[in-house]
1. Within the range 8-31, does at least one residue satisfy the condition of being at pLDDT 90 or above, among the aromatic types (Phe, Trp, Tyr) and outside any helix (DSSP H, G or I)?
2. Output the residue which, of all residues in the range 10-41 that are among the aliphatic types (A, V, I, L, M) and open to solvent by less than 60 Å² (accessible area, probe 1.4 Å), is farthest from the chain's Cα centre (by Cα).
3. Yes or no: the range 60-74 includes at least one residue that is in a helix (DSSP H, G or I), surrounded by fewer than 16 Cβ atoms within 10 Å (Cβ to Cβ) and free of Cβ contacts under 8 Å to residues at least 60 places away in the same chain.
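The values are calculated or read from the model by the stated rules, or taken from the named source; none is laboratory data. In this text the structure is predicted, and so the values were computed from the model without any measurement. Virtual Cβ from ideal backbone geometry, glycine too; neighbours counted across all protein chains shown. The area values use the complete protein model at the heavy-atom level, side chains included, leaving out ligands, DNA and RNA. Shrake-Rupley method; radii C 1.70, N 1.55, O 1.52, S 1.80 Å.
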Amino acid sequence: MKKILSYPFILLVRFYQTAISPFTPATCRYSPTCSHYTIEALQKHGLFSGGWLALKRIFSCHPWGGSGYDPVPEKLNKRK
């Protein structure tokens, strides 16, 4: 079920990667890039948790944010 919900958003990111990104300057401060991170987060964690991880990552990708290697976490910490 989580793959079905995530699939349209993965397609949107793939469209961005092929149709928009090649015509803009490379500015992502992270490895893997934010778009690759988003796809992997959606595939591993589904639409809601993966989407949350992707949004946090995208909003931290600015000159005063983080940088470097930042992989998608294997498991999310659940609050008790």
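1. Within the range 8-31 (the criterion being at pLDDT 90 or above, among the aromatic types (Phe, Trp, Tyr) and outside any helix (DSSP H, G or I)), the answer is yes, since at least one residue qualifies.
2. Narrowing the range 10-41 to residues among the aliphatic types (A, V, I, L, M): 10-13, 19-20, 26, 39, 41.
Now narrow it down to the ones that are open to solvent by less than 60 Å² (accessible area, probe 1.4 Å): 10, 13, 19, 39, 41.
Values: 10: 10, 13: 9, 19: 17, 39: 6, 41: 6 Å.
Filtering the range 10-41 for residues that are among the aliphatic types (A, V, I, L, M) and open to solvent by less than 60 Å² (accessible area, probe 1.4 Å), the one farthest from the chain's Cα centre (by Cα) comes out as 19.
3. Restricting attention to the range 60-74, the residues satisfying the condition of being in a helix (DSSP H, G or I) are 60.
So of that shortlist, the ones also surrounded by fewer than 16 Cβ atoms within 10 Å (Cβ to Cβ) come out as 60.
Now narrow it down to the ones that are free of Cβ contacts under 8 Å to residues at least 60 places away in the same chain: 60.
Checking the range 60-74: at least one residue is in a helix (DSSP H, G or I), surrounded by fewer than 16 Cβ atoms within 10 Å (Cβ to Cβ) and free of Cβ contacts under 8 Å to residues at least 60 places away in the same chain.
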